[in-house]
1. Go through the residues of the stretch 4-24 one by one and say whether even a single one is of a type in the set (Ser, Thr, Tyr), open to solvent by less than 20 Å² (accessible area, probe 1.4 Å) and either under 19 Å from residue 74 (Cα atoms) or over 11 Å from the mean Cα position of the chain (by Cα) (or both).
2. So residue 106 clears everything in (1) buried (at least 19 other Cβ atoms within 10 Å of the Cβ); (2) among the hydroxyl-bearing types (Ser, Thr, Tyr); (3) under 19 Å from residue 1 (Cβ atoms) except one condition, right? Which one?
3. For the stretch 60-77, name all the residues that are surrounded by 13 or more Cβ atoms within 10 Å (Cβ to Cβ) and either β-branched (Val, Ile, Thr) or within 12 Å of residue 30 (Cα to Cα) (or both).
4. Does residue 49 satisfy the condition of being within 20 Å of residue 99 (Cα to Cα) and more than 12 Å from the chain's Cα centre (by Cα)?
5. In the set 58, 64, which member is out of contact with any His (no Cβ under 9 Å at 6 or more places or on another chain), small (Gly, Ala, Ser) and over 29 Å from residue 8 (Cβ atoms)?
6. Hey, does the stretch 12-21 have a residue that's at pLDDT 95 or above and of a type in the set (S, T, N, Q)?
7. Which pairs do you get when a residue that is more than 14 Å from residue 54 (Cβ to Cβ) and open to solvent by less than 20 Å² (accessible area, probe 1.4 Å), found in the stretch 80-96, comes within reach of a residue that is part of a helix (DSSP H, G or I) and among the charged types (D, E, K, R), reach meaning Cβ atoms under 7 angstrom, with the pair 6+ apart or on two chains?
8. List every residue pair whose Cβ atoms sit under 8 Å apart, with the two residues 6 or more apart in sequence or on different chains, where the first one lies in the stretch 41-55 and is closer than 12 Å to residue 91 by Cβ and the second, anywhere, is open to solvent by 60 Å² or more (accessible area, probe 1.4 Å) and in a loop (DSSP other than H, G, I, E, B).
Amino acid sequence: MSYDVWMEANLGGPSPYTIDPGINHTSNTSGMWREAGCDLGEMHGSLGEECIPPLEKAIAALTANPNHYRRHEPDNKWGTVETTIDFLSKILAMCKRTPLATLVVSR
């Protein structure tokens, strides 16, 4: 399984407008980002500006102490601390670009 994440805005039309294309990451490291202070499932439906603090917190935690979070890496290395930092950084950049858009998290 994996997580697909993108931003949407309601512009008054029949359906939301997708602002950023979806980015994808394995669910293998979901325990890692949760432990670091960012639960993407709980962030679904939040405004980008609301997601910035927990994303920044998680990225800082993972970057400061990567060896602590390596226990969440699967044996096949399909999802590592580094790929998780990259994934969260892409979401953070989307949220900063469109702070009033809604974060969509699909699993």
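The values are calculated or read from the model by the stated rules, or taken from the named source; none is laboratory data. Predicted, not measured: the structure shown is a model, and the values here were computed from it. As a convention, Cβ positions derive from the backbone with ideal geometry for all residues, glycine included, and neighbour counts pool all protein chains shown. Just the protein is used for accessible areas: all its heavy atoms, side chains included, with ligands, DNA and RNA removed. Shrake-Rupley method; radii C 1.70, N 1.55, O 1.52, S 1.80 Å.
1. The answer is no, given that none of the residues of the stretch 4-24 is of a type in the set (Ser, Thr, Tyr), open to solvent by less than 20 Å² (accessible area, probe 1.4 Å) and either under 19 Å from residue 74 (Cα atoms) or over 11 Å from the mean Cα position of the chain (by Cα) (or both).
2. (1)
3. 63, 69, 72, 73
4. So residue 49 passes the test.
5. 64
6. Scanning the stretch 12-21 turns up no residue that is at pLDDT 95 or above and of a type in the set (S, T, N, Q).
7. Sorted first by the residue in the stretch 80-96, then by its partner, the pairs are 81/70.
8. These pairs meet every condition: 48/100.
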